[in-house]
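Below is one structure, written out as C-alpha cells, with a few remarks after it.
Any read-out appearing in this document is the output of simple, stated calculations on the displayed coordinates, not a laboratory observation. In this text the structure is predicted, and so the values were computed from the model without any measurement. Cβ placement follows ideal geometry from the backbone for every residue including glycine, while neighbour counts extend to all protein chains displayed.
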Amino acid sequence: MVYVPGYAEYLVDIIDQNIPVTALSKKALYYAKALDESGSHYTTSFSAVNNGGTLLMTCEYTMNSAYGKLINPYITIKVPQGTELLSKTLMYNQKLCNTYTEDTNKHTIRIPVETQNGKITFSLKLLEIKRIVSYAILNYTLSGKQEFDVIDIICEDVPAISIAAPSITNTNVVEVSGIAPPNCDVMLYLNDNFVKKVFSNKVGAYHTEITLTNAQDNQEYTFKAAAINNHSQEISAVTNILYSTGTPILSGFTLDYNGKSYDMMSNTKPNVVFSSALPMRFTIKFNYQKKKKNVYVTSDINNVTKRMKADWNEE
C-alpha cells in the first residue's frame, strides 16, 4: 500500500501497475498544459448506486487555448478492478458513444475528443469491490511530443453503508436506497423509530419505500439505515428529507418518438437514433400542479442551451 501525496502523474503509473493505494482525501495535484483544471472533473457518488448495483461515473473536461494546436486528442479512463463497464451507458455529450476503444489488458477505455469542452458519463456494474480506483486523463500530441494531462483521479473506499432519498418531497411515500454489506439485513429508522427491515442483494444494494405517517408540512425528517458488519459491529448512515406539500415535484418525463416511448427519468439512459424528419413529443408530469407556471424541456449539449416551452394539458 502506497500513498503519493499530491502528484497525479505518479499515481496514474502506480494505478496502472496495480499497486494498492490509499484513499485520497483531496484532489491530486497536476500542472496541466492543455486543460482548464477549474472546468475539468472526474467524479462519482456512492449514494447513486441503484438497486442493480450500478454506479454512475461522470467526466467533464474543458481545454484552454492550446486546443487548436493539439493533434489526436483523446481521453483515457481506467475501469476500476472489481467492476464491469456497461458499454450501452457510455455517453459523450449526451449521445451514445460508439467511437471508443477498449483495452481489456490495461482495463482502460479510449474516447476520441471531438469538442473543446465535453462531458462523458457511464455506469459500472459493481462485482466484488471495496474501493474504487480510477483515473481520467487527456492524451494528445503537442509540438511533436506525446503528452497527457490528468483530469482527475478517483480513489475512494466504498462506504460500509449508505442511504439516499430525495432532499425534498410533497408525498408521504418516499423511495430510499443505498448500499450495505452484501446479503444482510438492513434496519431502517424514521426519526430514530424503527420502520422496517430490508435485505441487501449480493453486491450490497437495497431499495424500498418508507411512508411518512401523519407527516407535517415543512417538517424535516431523518432516515437512518443500520446493519451489522463482518466484525459483528453496528454500522449506520443517515440522510434528511424535507416534506413540503406546496412544492411541485417532477414525477414523470417521457419521450415519444418513432413509435417508441422512452423514460427520461430512468437510471439507464435511452439509446435513441434521431432523424430530423420525425417529430418528438415530451410528456412531463408533476405531483403538485398549483405553483407550476412555465415549464421548459431543456437541452444542454456542447455548452449550448436550447429550450422548448411545454404546453399545459388538462388531461
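Brief remarks follow.
- Distance cut-off 19 Å, percentage of C-alpha pairs in the stretch 43-189 lying past it: 58 percent
- Simple spin-label estimate for residue 110 and residue 95 gives 2.2 nm between the two label positions (7 Å along the Cα-to-Cβ direction from each Cα).
- A DSSP coil position with no more than 16 other Cβ atoms inside 10 Å describes the following GluC sites (Glu not before Pro) in the stretch 90-163: 114, 128.
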